[in-house]
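Notes to accompany the following structure.
The values are calculated or read from the model by the stated rules, or taken from the named source; none is laboratory data. Just so it is clear, the structure is predicted and the values come from calculations on it, not from any experiment. We place every Cβ from the backbone using ideal geometry, glycine too, and count neighbours over all the protein chains shown. Remember, those area values only see protein heavy atoms, side chains included, never the ligands or the DNA or RNA. Shrake-Rupley method; radii C 1.70, N 1.55, O 1.52, S 1.80 Å.
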Amino acid sequence: MNVYDSARMADVLAPLGYASADSPEGADMVILNTCHIREKAAEKVFSELGRLKRHQAAKALTGGRMILAVAGCVAQAEGEEILRRAPFVDIVLGPQTYHRLPEMVAQAARAGGAVLDTEFPVEPKFDFLPDARAEGSSAFLSVQEGCDKFCTFCVVPYTRGAEYSRPGSAVLAEARTLAAQGVRELTLLGQNVNGWHGDEGWGLGRLIRAVAEVDGVERIRYTTSHPRDMDDDLIAAHAEVPQLMPFLHLPVQSGSDRILSAMNRGHDRAAYLRLVERLKRAQPDLALASDFITGFPGETDADFTDTLALVREVGFVQTYSFKYSPRPGTPAALMPNQVPEDVKDARLAELQSLLLDQTTAFNHACVGREMRVLLDRPGRHAGQLVGRSPYMQPVHVKAAAHLLGTVAALRIVSVHPNSLEAVPLETTLP
Ligand code: SAH
Ligand code: SF4
């Protein structure tokens, strides 16, 4: 979502004459778009700011000015602290106010003193953003933001605010704008994307069916979904909408009922397994991705074993796993039974090794298969294109340049550590 937000900030600033630069060196403005989800990400902000301060000083030496802005969830959570520790920052803005960037920039250019805007405005920013500009053939489209679920480990409800769904008509208008610019794949985004509900009383399944009708849209994905919000119609969409990719990021976090309950996830292990079974019945080709946390407060060896067992039972093709990071203001950070770092580390290593085995086995099982791949960028070598398989694997192929931006039928021939190698198929896949 930060990638989407950054692109939209660029859209907002384009009418003022700003264009993206490749490096901060000599830039008129640098916006650091930040993440607060784990401590490590948040800490990086201050070291990055130290680096940017030097660029800012170099620019000042040439008689110019570099406006420095901090956006995103660290700005939301620690705005005052940023201004105290980094007084050279000109603008601090939260994830819900970037439609006001032009005013903030004007104010920063005029006045001494920093501008701080970390409000949760009543007006949704989406109503004020200009048309999205596409870059390439795959694009993100935010449909839902914020979260009311309050998992006990998570800062999102505090930094992104309450759940908000964009109206279906606005989503479809943005989908059409993007498709008209050559976008073939849309990833519908939300912190709880399947909690989306339009003004029209639609759920996400209905929205996906409508997006599938948009001219030019050949592939649809959505992320991140919550197991609690997976309704019948969305499951049915996996069976019925050919453009909907057979790949689903459905984070489970833990395989232990005790930990799932302490996390306030609102579902248990059995409910997750039932859901996976129903999804696979709807789309037998479905591959699953998940997030995991190791060392949540109170997690015992037995709880962790339950997680490993769940992973073995389900089988995941792509995963993000983290050790638990206590976040300020969240209930879990105050739980008395914090797990020692070395235990968290050891469990993470064990889990990641199992998950890597599963991903590798899946990649190898793809060899010989025919797949439709959206070729969305040139490769590093001449005559090579890179794309994504339906399961999000990067795929390299030697293919003519005119195929860039199209969905091509390929045969997978080999596996590299982080990608697949393919050759074009003579025949067209259905
Ligand atoms: N809404 C999504 C997740 C959004 S946050 C969901 O409910 O599944 C993205 C991921 O960051 C989470 O899935 C979780 O695995 C991880 N995460 C969030 N807070 C964390 C914390 N305090 N420590 C470690 N990982 C965390
Ligand atoms: Fe965070 Fe996701 Fe839980 Fe919301 S549902 S609190 S975003 S982990």
Legend entry - Accessible-area ranking of Asp127, Asp215, Asp257, largest first, probe 1.4 Å: Asp215, Asp127, Asp257
Legend entry - Accessible area of Ser138 in the full protein assembly, 1.4 Å probe (Å², nearest 10): 40
Inset, instruction - Largest first and to the nearest Å, give the Cα extent of the range 342-430 along each principal axis. - result: 52, 25, 17
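Would you work out the relative contact order for the chain, in percent, from Cα pairs under 8 angstrom that are 6 or more residues apart?
Working: 819 pairs, mean separation 43.0, N = 430.
After rounding, I find 10 percent.
How much of the DSSP beta bridge set in the range 370-424 is antiparallel, as a percent to the nearest 5? Intermediate results must be reported in sequence, preceding the final value.
Details: 20 of 23 bridges.
Around 85 percent of the beta bridges assigned by DSSP in the range 370-424 are antiparallel ones.
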Legend entry - Rounded to 5, percent antiparallel among DSSP beta bridges of the chain: 40
Legend entry - Mean projected area (nm²) of the alpha-carbon convex hull when the chain is viewed from all directions: 21.8
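For the chain, what % of the accessible area comes from carbon and sulfur atoms, probe 1.4 Å?
For the chain, the apolar C and S fraction of the accessible surface comes to 53 percent.
Determine the dipole magnitude for the range 160-249: charges of +1 sit on the beta-carbon of Lys and Arg, -1 on that of Asp and Glu, nothing else is charged, the reference point is the Cα centre, and the result goes in debye to the nearest 20.
Details: 9 positive and 13 negative charges, 61 e Å.
Charge dipole, the range 160-249, about its Cα centre: 300 debye, nearest 20.
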Legend entry - Antiparallel bridges, percent of DSSP beta bridges restricted to the range 125-365 (to nearest 5): 10
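Given a Förster radius of 56 Å and the C-beta distance between Asp357 and Ala111 as r, what FRET efficiency does 1/(1 + (r/R0)^6) yield to the nearest 0.05? Working shown, then result.
Working: r = 57 Å, r/R0 = 1.02.
Efficiency, rounded to the nearest 0.05: 0.45.
Determine the order of Leu404, Leu93 by accessible area, beginning with the largest, at a probe radius of 1.4 Å.
Result, largest first: Leu404, Leu93.
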Inset, instruction - Be a star and scan the range 229-259 for residues whose amide nitrogen sits under 18 Å from the point 7 Å along the Cα-to-Cβ vector of Glu213. - result: 233-234, 237-238, 240-244
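Students often get this wrong, so check it: of Lys125/Lys323; Lys40/Lys125; Lys44/Lys323; Lys40/Lys280; Lys40/Lys149; Lys149/Lys323, which have C-alpha atoms separated by over 26 Å? List each step's numbers first, then the result.
On the way: Lys125/Lys323 33 Å; Lys40/Lys125 28 Å; Lys44/Lys323 17 Å; Lys40/Lys280 36 Å; Lys40/Lys149 23 Å; Lys149/Lys323 21 Å.
Too far apart for the 26 Å limit: Lys125/Lys323; Lys40/Lys125; Lys40/Lys280.
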Legend entry - the range 111-225 - convex hull of alpha carbons, volume per residue in Å³: 137
Inset, instruction - State to the nearest 20 debye the size of the charge dipole of the chain about its Cα centre, where the only charges are +1 on K and R beta carbons and -1 on D and E beta carbons. - result: 780
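How do Glu119, Glu25 rank by accessible surface area computed with a 1.4 Å probe, from largest to smallest?
Values: Glu119 95, Glu25 140 Å².
In descending accessible area the options line up as Glu25, Glu119.
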Inset, instruction - Name all residues of the range 283-303 having a backbone nitrogen under 20 Å from the label point set 7 Å from the Cα of Glu341 along its Cα→Cβ direction, giving them as ranges. - result: 293-299
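In the range 2-117, what is the volume of the convex hull around the alpha carbon atoms, normalised per residue and reported in Å³?
Each residue corresponds to 101 Å³ of Cα convex hull volume.
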Inset, instruction - Express the accessible area of the range 241-310 per residue in Å², computed with a 1.4 Å probe while the remaining protein chains stay in the model. - result: 34
